[in-house]
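The values are calculated or read from the model by the stated rules, or taken from the named source; none is laboratory data. Everything numeric here is computed off the predicted structure, so don't read it as measured data. Neighbour counts are summed over all protein chains in view; Cβ atoms, including those assigned to glycine, are modelled from backbone coordinates with ideal geometry. Side chains are part of the model used for accessible areas, which takes the heavy atoms of the whole protein and leaves out ligands, DNA and RNA. Shrake-Rupley method; radii C 1.70, N 1.55, O 1.52, S 1.80 Å.
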Amino acid sequence: MLPETVQSNADAAALDAAFPGAVVEAKHEYKEITLVIDPAKIIEVCAFLKNKQGFDRLSAITAVDWYPSDPRFEIVYHLQRTKDWFRLRLKSRVNEEIESACSVWRGANWYEREVFDMFGVKFTNHPDLKRILMPEDWQGHPLRKDYPVHGHRYSYQNE
């Protein structure tokens, strides 16, 4: 059941009606709506929001590391409907893996690669999941909270 502050939003209400139980949590703060989605339903929800509700733009995908919490990561999707510039934020809480949104938005490709590179979250069914910012042989994921503050020593002599 959506909170009263979110029920008045037609997109959130339509999503809740189409996928009962997919919305785990919802907030309306600072004139923004955030929906926490069951990770098993994230692709169905994204496809519904794009195809039925008109969220034609994926502005970003990022992650938050809540170490040592379980689940550890929050994957955050920033969606936008360009006809009225309405924005919607989706979150899914996972430990190490979530389905790729590339089947819904091709633009998810590089965002997911960045999250994989920096946090180590794997996106299943991603067409080309490999590092995008760090060298291929880099050890670890620099934006994880348990990554050493000083970083790892790395030799750039071969470059």
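Observations, loosely collected:
- Inspection of the stretch 67-78 finds a residue satisfying the criterion of being β-branched (Val, Ile, Thr) and within 13 Å of the chain's Cα centre (by Cα).
- Taking the criterion of being over 16 Å from Cys102 (Cα atoms) and assigned to a strand (DSSP E or B), the residues of the stretch 42-79 that qualify are Ala63, Val64, Asp65, Phe73, Glu74.
- Breaking point among (1) among the hydroxyl-bearing types (Ser, Thr, Tyr); (2) open to solvent by 20 Å² or more (accessible area, probe 1.4 Å); (3) in contact (Cβ under 8 Å) with a residue 40 or more places away in the chain, for Thr5: (3)
- The residue of the stretch 14-39 that is farthest from Thr124 (Cα to Cα), among those that are surrounded by 14 or more Cβ atoms within 10 Å (Cβ to Cβ) and of a type in the set (Gly, Ala, Ser), is Ala14.
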